[in-house]
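Everything below concerns the one structure shown next.
Every number in this text was worked out from the coordinates using simple rules, so none of it is lab data. This one's a predicted model, so the numbers in the text were calculated from it and none came from an experiment. Cβ: placed from backbone, ideal geometry, glycine included. Neighbour counts: every protein chain shown.
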Amino acid sequence: MAESELLDAEEYRRLCDYLYRRTGMAFTEARRYFVERRVEDRMIATGSSSFASYFARLRVNMEGEVEKLINAATVNETYFYREDHQFTCLTSNMLQERLRVKPPGEVLRIWSVPCSTGEEPYSIAIWLLENWPEVDAHDVEIVASDIDTNVLNAARSGIFGKRALMRLSAGLTGKYFTRAGPEHWQILDELRQSVRFTAANIVAQTETRPHGLFDVIFCRNLLIYFDDTSRRIAAENLYESLAPGGYVCLGHAESMSRISPLFEVCRFADAIVYRRPLEAKHG
Amino acid sequence: MADGKMRVLIVDDANLVRLYYRQILEEEGFEVEEALNGLEALERLLVSPADALIVDINMPQMDGITFLGALRRQALPLSAIPALVTSTESSADDVAAARAAGANFYHVKPIGREVLARYMAMFCGAPQ
Amino acid sequence: MPLIRSKCDNAAAGVLREEPASLASASPDERWAAARAACDPACISSLGDALALELDARVRQAIFTALARIATPESAGVILPYMRVDDASTRTGALDALRAMPEAARPHLPGLLVDPDADVRILACDLVRDAGGADGPRWLCAMIETEPQANVCAAAVEVLGEIADAAAGPCLSRCAERFPDDPFLRFAIKVVADRVRAETPAPRG
């Protein structure tokens, strides 16, 4: 295996420490091969002759190198049912927990932010219909927001290519989509109408507040791009946007441990998620 | 735990401190995990518990004393994991706060190989 | 259809009140809201006053965020005294806020690195990592030449492990010679010195 090791052990540690502090992404030794390949790609792309010179470039964020490495490390691509273990956790744990403490009859509210071109909020809608036996007994509202109005328009139109649908079975595609061309499918009108799309910048309290309180927020692979101050503001906005006891889900390489102490960590069978404490802690 | 090794979680934001403990403990036959602050440690322990902890005091996001307090409020077996607090802080206040939060031992840095190995052996029962 | 779409903003949402909140309110929620709204340099002194009295960890966090957001040397200055308080979680909050405002913290660093309190000097070393900029390696190298406390040198060496280049080699060696009996410092200096040496380009020709 020695020839596959681009970085020595000390360099890998230094890189992981830096990435954790700078982005909140936590990589362990188990992910070393994956991380090294991404770094190798970035070293080639930047013409860096050694890890030392690449790391110096990364530390000063030359030409946006931090963002470029994050993109490489998160596979910056959205598709239906991405990281669906969190959807499993949603239907087997989080919604049940919320129903236990919510007044009967109150709407369950889920927020997908950033929603990009809509794969995530529509995935949630399909997942609930397919996998949650209680779906007919409760009202669920799905709100989807992004800062980019172009992607919101695409999301509203609900037309997707083959790659976005790769994780869905033919059965699900047939059930929830109609063909919109040789390579494209459009999600059913009924589902399109069920998701409300809004423009929102998660760092702007004036834009997050009007959305009200949510039971579950999906905020995946966004905070890793922020600097410390923006991340703190975003975490406080997320906290304010959650009902007490509500949950926030981050991307699978992300850890709230680097971002904010406002939330409690919760381990369910399928996912680690973060919860706004039911009662505010004092002292 | 397939190989029967005892697991120690090092909770310290300093990379070289963790590396120093890791090398000593691996040579002494322990399996070692690392976390860079108290919140990350809680997250890791919820996924897989450890047999002993080495905990720094000053760390980002969640300090060692707050971490120990939060850990002792968890359900068993997490709440009972023994913890050695190592810190550069030698004030009586810190020692008292660490004890009150649930530290089993408090050791002012630096900590040498033999001493560290002795604490861990005491917590875990000698490896082998 | 179980999936519903609300008709307008705030429907089903538990509309939040929009009253001006006060940092001196009896309610932690109102103090939190007031701290979050105070992101203008004119608020620095009232945030400082509130910080001195605040006992709720969540509100304290919001005050620190507001000061980090203002991000001036003055707002950083309000935070500095909290690096030396007894309560570890307050120290952590202060440090995290200073880390979030590196440019604003930078002017304070030279003073912090020679603070009479060794514990403050240790915390200052970590701030140099991001706030020191191009001066960081030079500051920490100068520090480990004379710093009397081994634990402070160890904190400086930790940061040099990330930011130092070959120029740090000689002062690392001298620091190691001053503390031959500290097992950790010896180890840490060796790791960092080996790295900077390995990264030194071989002389050409």
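Restricting to DSSP loop positions (anything but H, G, I, E, B) with no more than 11 other Cβ atoms inside 10 Å of their own Cβ, which GluC sites (Glu not before Pro) remain in the range A:103-183?
Working: sites: A:GLU106, A:GLU119, A:GLU130, A:GLU134, A:GLU141, A:GLU183; in loops: A:GLU106, A:GLU183.
The qualifying sites are A:GLU183.
Helical content of chain A, expressed as a calculated mean residue ellipticity at 222 nm, amounts to -11500 deg cm²/dmol (DSSP H runs of 4 or more residues, -39,500 (n - 2.57) each, divided by residue number, nearest 500). Across chain B, C-alpha contacts under 8 Å between residues 6 or more apart give a mean separation that, scaled by the residue count, equals a relative contact order of 25 percent. Candidate cross-link partners of A:LYS102 among the aspartates and glutamates, defined by an alpha-carbon separation under 12 Å and a same-chain spacing of 8 or more, comprise A:ASP215. Inter-chain neighbour count for C:84-94: the average number of beta-carbon atoms from partner chains within 10 Å of each residue's beta-carbon is 6.
A Gaussian network model of chain B, with springs between Cα atoms under 10 Å, assigns the largest mean-square fluctuation among B:GLU31, B:GLU114, B:GLU40 to B:GLU114. For B:TYR106, the residues whose modelled amide H falls within less than 5 Å of its own, excluding neighbours fewer than 5 places apart on the same chain, are B:VAL85.
The GluC sites (Glu not before Pro) of the range A:70-103 meeting both criteria, a DSSP state outside H, G, I, E and B (loop) and at most 12 other C-beta atoms within 10 angstrom of the site's C-beta, are A:GLU77.
If we count other beta carbons within 10 Å of each Cβ, what is the order of A:SER50, A:SER260, fewest first?
Fewest-to-most Cβ neighbours within 10 Å comes out as A:SER50, A:SER260.
In chain A, the sites counted are trypsin sites (Lys or Arg not before Pro) in DSSP loop states with at most 16 other Cβ atoms within 10 Å, and the longest stretch holding none of them, exclusive of the sites, is A:1-161.
Computed from phi, the 3J(HN,Hα) profile of the range A:166-172 under the Karplus parametrisation 6.51, -1.76, 1.60 (θ = phi - 60°) reads 4, 8, 8, 5, 4, x, 5 Hz, with x in place of Gly and Pro.
Each stretch of four or more DSSP H residues adds -39500 (n - 2.57); spread over every residue of chain B, this sum gives -12500 deg cm²/dmol at 222 nm. Within the range B:49-73, name every residue whose backbone N is under 20 Å away from a label modeled 7 Å from Cα of A:GLU279 along the Cβ vector. Those under the cut-off are B:69-73. Counting only residues at least eight positions apart within a chain, or on another chain, the aspartates and glutamates with an alpha carbon under 15 Å from that of B:LYS5 are B:GLU26, B:GLU27, B:GLU28, B:GLU31, B:GLU33, B:ASP51.
Modelled label positions at A:SER157 and A:ALA199, each set 7 Å beyond Cα in the direction of Cβ, lie 1.8 nm from each other.
If you rank A:HIS211, A:HIS184, C:HIS108 by fewest surrounding Cβ atoms within 10 Å, what's the result? Before the final figure, lay out each step's value.
On the way: A:HIS211 22, A:HIS184 14, C:HIS108 19.
Neighbour counts put them in this order, fewest first: A:HIS184, C:HIS108, A:HIS211.
Take the alpha-carbon centre of the range C:115-177, take the same for the range A:14-36, and report the distance between them in whole Å. What the calculation gives is 24 Å, centre to centre.
Restricting to Cα pairs below 8 Å that are 6+ residues apart, what does the relative contact order work out to for the range A:2-74? Please round to a whole percent. If you can, show how the numbers build up before the last one.
Details: 35 pairs, mean separation 19.7, N = 73.
Reported relative contact order: 27 percent.
Taking a ≥ b ≥ c as the square roots of the eigenvalues of the Cα gyration tensor of the range C:21-100, is the shape rounded (a/c under 1.5), prolate (a/b larger than b/c) or oblate? Oblate, since a/c reaches 1.5 and b/c is not below a/b.
Across chain C, the relative contact order, built from alpha-carbon pairs under 8 Å that are at least six residues apart, equals 11 percent. Under a point spin-label approximation (7 Å from Cα along Cα-to-Cβ), what is the C:SER27-A:ARG167 distance to one decimal in nm? So the two model labels end up 4.1 nm from each other.
Can you sort C:MET101, C:MET83, A:MET166 so the residue with the fewest Cβ neighbours within 10 Å comes first? It would help to have the intermediate numbers written out before the result.
Values: C:MET101 25, C:MET83 22, A:MET166 10.
In order of increasing Cβ crowding within 10 Å: A:MET166, C:MET83, C:MET101.
Peptide B:6-19 is shielded by partner chain Cβ atoms: per residue, an average of 5 of them sit within 10 Å of its Cβ.
How many percent of DSSP beta bridges within the protein assembly as shown run antiparallel, rounded to 5? List each step's numbers first, then the result.
Working: 13 of 48 bridges.
Bridges in the protein assembly as shown that DSSP calls antiparallel: roughly 25 percent.
The aspartates and glutamates whose alpha-carbon is closer than 16 Å to the alpha-carbon of A:LYS68, local same-chain residues fewer than 8 away aside, are A:GLU36, A:GLU40, A:ASP41, A:GLU77, A:ASP227.
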